[in-house]
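Encoded as structure tokens, the structure appears first; notes follow it.
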Amino acid sequence: MKKNNFLALFFITLSTLMFEIVMTRFFSLVMFYHFAFLIISIAMFGLTFGAILVYLLPRLFITEKVQRMMSLCSLLFAITIVASFLFQLLVIPLIAQRGQENTALFFTYAVLSIPFTFSGITVCLALTKFPSVLSRMYAADLTGAAMGCLGLIAVLAITDAPTAVFIIAALAAIGSYLFANGKNLSKAAAFTACVLLLFSTAHSILVHQQKSLLSPRWIKGRIASRPLYEKWNTFSRIAVSGDPLSKELYNELIITIDDTAATPILKYSGDDNEIKFLKADVVNIAHFLRPHSSALIIGPGGGRDVLSAVAFKQRQITAVEINGDILDAVNNRFGDFSGHLDRLPELKFVNDEARSFVARTPERFNIIQTSFIDTWAATAAGAMVFTENSLYTVEAWQLFLNRLAPDGIVTFSRWYHRELPAEMYRLTAVAAAALKRNGIDDPSGNILVLRRRYGGKDVIDDTGVLLVGKRPFTSEELSVIDQLSPYLHFDVIFSSQKSADSIFTQIAQGKSPDLIPGLTLNITPSVDDKPFFFFMLKVKDFLTLKSFDQGMQTANTKAVSIMIVLLFTVLGLSFFCLMVPLFLTHKGQSLKGSGSFFVFFAAIGLGFMFIEISQMQRLILFLGHPVYGLSIVLFSLLVSSGLGSLFTDRYIADFRRHLFFSAWLIAALAVTGLLTVPVLSVFQSSSNLVRFLISILILLPAGFLMGMQFPFGMKIALSRQGAISPWLWGINGAASVCASVLAMVIALVFGISTTFWMGFVFYLVAFFIVARK
């Protein structure tokens, strides 16, 4: 064995995790960021299939060939990283343009599985063919994987996601070079690494010059034009388009976040005439009710809401934006166009996650304004639009209300569908529930619903504005609203004095939406445990793939069909590529007495993924972004589970000791399930660093004990029925792959807590199987 094997394995697992995470960023642009769960499934499938190939083809992986095969598979891993990405970039759009979205999804899954399969072969060989150095191999494996979770953040700080793919492939080629024990493979790996690194360097220069050769053009079902400016980070890909040299009075540039969430940069040179038209926009009506006050703008984007507050001469304006690259684009790169808003004395920009900032700040605001946040960034693409958004839950609204001055107002603007304004219904239900939790028995006096109607019968989406006061709106304030109605061209849909929609009346009075007859969509208030605000299908329609027209948000209700296709794709690939080969190659050996092992390995595969997915969804809310949730969960569980696996190396196949640690696991999971939500609540106002550390501490104990289950179980199985080990690998891998989708479905329908406790139940099943032994 080469001494370089440890470092080589480090590079392979480093590149594997980086590739997994960078594709979540890519899918966020071309599809939707919840395909992070699809990437987990793809990675698990590929890695498991690779490990099974090692068992199915023993003659190919004999001891004499192991070193060469690790180098060869590592090199193929590097090559197929690039090939599969280019297939996704160039070929998948051709399939999708023909209207074959389901076929495109299938090939996306199948092709992206190939590099992970080669990685799985390499890792399996490294961890099974050198038993004398197993502990150090595990350490290299875990260190590489853990660093991969963090390394991508650094890479995306200097280049874009497509170039990052080539950097990752170069790292895999370096791993191949370190594994190689022959001149030909060494030269091939070194050549490949050098070519990829040179290309990455050259292309990074082009990226900084806004001349990228790999910028995606087929995005969310349409061909996108080349932007004026483009920047990638772990949050998004922002693009700026328009003509900054235009002489039009009301010129604007458009920032798009992941291509579909649009926010304008208005031309402003300090002349109030340039922005006076903003006073005629109904989304800014709160400024008429609270002039010369303190305003908090959540998600200012290109600065339209900020300039609205400036136009109304508000004395203090705080704008909280999570995406630092947007702030840089507005205030620096296009600062001359926007008027360098950050230099205005009454205005303060804060680069932070909004809910965390609101929880942490001691300030009290007269206005908290949010306009169309996540309208498209989190709900576009006609795909898996089940947004766990931390701003649209009852708990978040309680926090907003508590940060208001005594006469403060929270104002949210959303689309208002004329036939069935489900988003506005649900948003009103969230506000009413938050008011009731804050001790207001009849919240209807604190709620106003307005609608700005646009002309034309073909237009089905209007602008809806929800105003929620900390105290009830007075008759004088309602009179001001009525007076502004013809000037701002809006209708009062609901107030304490009148209502044009009885459903809004019942919701605003605090009546449970479940008790309101005639509603075809689910508008119950979204909470932190079920934070999928934009998913409104009822379960009966979810199962029958029934959808409803919701105008600009129709993608939300149609998304279920995509998830069902994904579920069947996962089940089909798992069965035919994992289970069928094992069944055909078990060579007739007796499987009598193996049932309990099969159930055990299926249970721990399901349990691990259910725990991982549920904790990831919780931490997305806590940390403020899915990339952080994915990175922290993977980093923590990989490190802690790997340490748990290493810990078992000192023990032989001892089922009593296995039972002892299994009992501790059940206890740890129970404590984690009971304490996670309260702990996250206590620390939600902490800094990013503190929240990162808290997240890691929550995951470590259970992760350490979960990591013991597979090696303990495998040792016992091998000591009794060693021939069934391929079946155990296959069953565990197939269960993990399927669970990556099933866990999301359960969270969507029943809640994140239910998903976690389902994982707990699976581990409880495994515990009882161990106890019976």
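Worth pointing out:
- Looking across the range 328-377, the residues that are part of a helix (DSSP H, G or I) and within 17 Å of Ala262 (Cβ to Cβ) come down to Ala329, Val330, Phe337, Ser338.
- Among the residues of the range 733-748, just one is modelled with pLDDT of 85 or more and open to solvent by 20 Å² or more (accessible area, probe 1.4 Å), namely Ile746.
- In the set (1) under 29 Å from Thr128 (Cα atoms); (2) free of Cβ contacts under 8 Å to residues at least 40 places away in the same chain; (3) surrounded by fewer than 17 Cβ atoms within 10 Å (Cβ to Cβ), Met714 fails one condition alone, (3).
- Some residue of the range 629-644 being open to solvent by 50 Å² or more (accessible area, probe 1.4 Å), within 18 Å of Phe712 (Cβ to Cβ) and either assigned to a helix (DSSP H, G or I) or modelled with pLDDT of 75 or more (or both): yes
- Residue in the range 166-192 that is surrounded by the fewest Cβ atoms within 10 Å (Cβ to Cβ), counting only those that are farther than 22 Å from Leu112 by Cβ and among the small types (Gly, Ala, Ser): Gly182
- Any hit, the range 521-540, residues being at pLDDT below 80, in contact with a Phe, Trp or Tyr (Cβ under 8 Å, 6 or more places away or on another chain) and either open to solvent by 40 Å² or more (accessible area, probe 1.4 Å) or part of a helix (DSSP H, G or I) (or both): no
- Test: Ala188 is over 17 Å from Ala43 (Cβ atoms) and either assigned to a loop (DSSP other than H, G, I, E, B) or in contact (Cβ under 8 Å) with a residue 60 or more places away in the chain (or both): yes
- With respect to (1) open to solvent by 20 Å² or more (accessible area, probe 1.4 Å); (2) out of contact with any Phe, Trp or Tyr (no Cβ under 8 Å at 6 or more places or on another chain), the lone exception for Ile298 is condition (1).
- Selection within the range 492-522 - within 16 Å of Arg418 (Cα to Cα) and in contact with a helix residue (DSSP H, G or I) (Cβ under 7 Å, 6 or more places away or on another chain): Val492, Ile493, Phe494, Ser499, Ile503, Phe504, Leu519, Leu521
- Among the residues listed as Thr201, Thr163, the single one being polar (S, T, N, Q), under 19 Å from Phe19 (Cα atoms) and either surrounded by fewer than 22 Cβ atoms within 10 Å (Cβ to Cβ) or over 29 Å from the mean Cα position of the chain (by Cα) (or both): Thr201
- Count of the range 653-708 residues, restricted to those that are outside any helix (DSSP H, G or I), open to solvent by 30 Å² or more (accessible area, probe 1.4 Å) and either within 21 Å of Asp352 (Cβ to Cβ) or modelled with pLDDT of 90 or more (or both), is 4.
- Tally, over the range 279-315, of residues that are more than 21 Å from Arg364 (Cα to Cα) and in contact with a Lys or Arg (Cβ under 7 Å, 6 or more places away or on another chain): 2
- Take the conditions (1) part of a helix (DSSP H, G or I); (2) under 30 Å from Val679 (Cα atoms); Ile440 misses just one of them, which is (1).
- For Thr318, the criteria (1) in contact with a strand residue (DSSP E or B) (Cβ under 7 Å, 6 or more places away or on another chain); (2) in contact (Cβ under 8 Å) with a residue 40 or more places away in the chain; (3) within 29 Å of Arg453 (Cα to Cα) hold in every case but one, which is (3).
- The set of residues from the range 46-65 being of a type in the set (Phe, Trp, Tyr) and at pLDDT 80 or above comprises Phe49, Phe61.
- The set of residues from the range 748-773 being in contact with a strand residue (DSSP E or B) (Cβ under 8 Å, 6 or more places away or on another chain), aliphatic (A, V, I, L, M) and within 23 Å of Val671 (Cα to Cα) comprises just one member, Ile752.
- The residues listed here are Leu435, Leu478, Leu467; of these, the one that is modelled with pLDDT of 90 or more, closer than 20 Å to Asp305 by Cα, outside any loop (DSSP other than H, G, I, E, B) and not β-branched (Val, Ile, Thr) is Leu467.
- Subset of the range 208-223 (residues that are within 25 Å of the chain's Cα centre (by Cα) and either part of a loop (DSSP other than H, G, I, E, B) or under 24 Å from Phe334 (Cα atoms) (or both)): Leu214, Ser215, Pro216, Arg217, Lys220, Gly221
- You will find that of Leu112, Leu94, Leu171, the residue that is among the aliphatic types (A, V, I, L, M) and either more than 30 Å from Gln210 (Cα to Cα) or within 24 Å of the chain's Cα centre (by Cα) (or both) is Leu112 and no other.
- Scan the range 312-323 for residues that are at pLDDT 90 or above and open to solvent by 30 Å² or more (accessible area, probe 1.4 Å) and the total you get is 3.
- Pairing residues of the range 384-396 that are among the acidic types (Asp, Glu) with residues that are assigned to a loop (DSSP other than H, G, I, E, B) and modelled with pLDDT of 50 or more, at Cβ distances under 8 Å and at least 6 apart in sequence or on separate chains, gives Glu388/Pro531; Glu395/Asp528.
- Apart from one condition, Asp462 fits all of (1) modelled with pLDDT of 95 or more; (2) under 32 Å from the mean Cα position of the chain (by Cα); the exception is (1).
- The range 224-262, subset touching a helix residue (DSSP H, G or I) at 6+ places or on another chain (Cβ under 7 Å) and assigned to a strand (DSSP E or B), residue surrounded by the fewest Cβ atoms within 10 Å (Cβ to Cβ): Tyr229
- Residue list for the range 396-415, filter: open to solvent by 10 Å² or more (accessible area, probe 1.4 Å), in contact with a Ser or Thr (Cβ under 8 Å, 6 or more places away or on another chain) and assigned to a strand (DSSP E or B): Ala405, Trp415
- Scoring Gly588 on the criteria (1) modelled with pLDDT under 80; (2) open to solvent by less than 40 Å² (accessible area, probe 1.4 Å) leaves a single failure, condition (2).
The values are calculated or read from the model by the stated rules, or taken from the named source; none is laboratory data. What you see is a predicted model; the values in this text were computed from it and never measured. No Cβ is skipped: glycine too gets one built from the backbone with ideal geometry, and neighbour counts run over all protein chains shown. The area values use the complete protein model at the heavy-atom level, side chains included, leaving out ligands, DNA and RNA. Shrake-Rupley method; radii C 1.70, N 1.55, O 1.52, S 1.80 Å.
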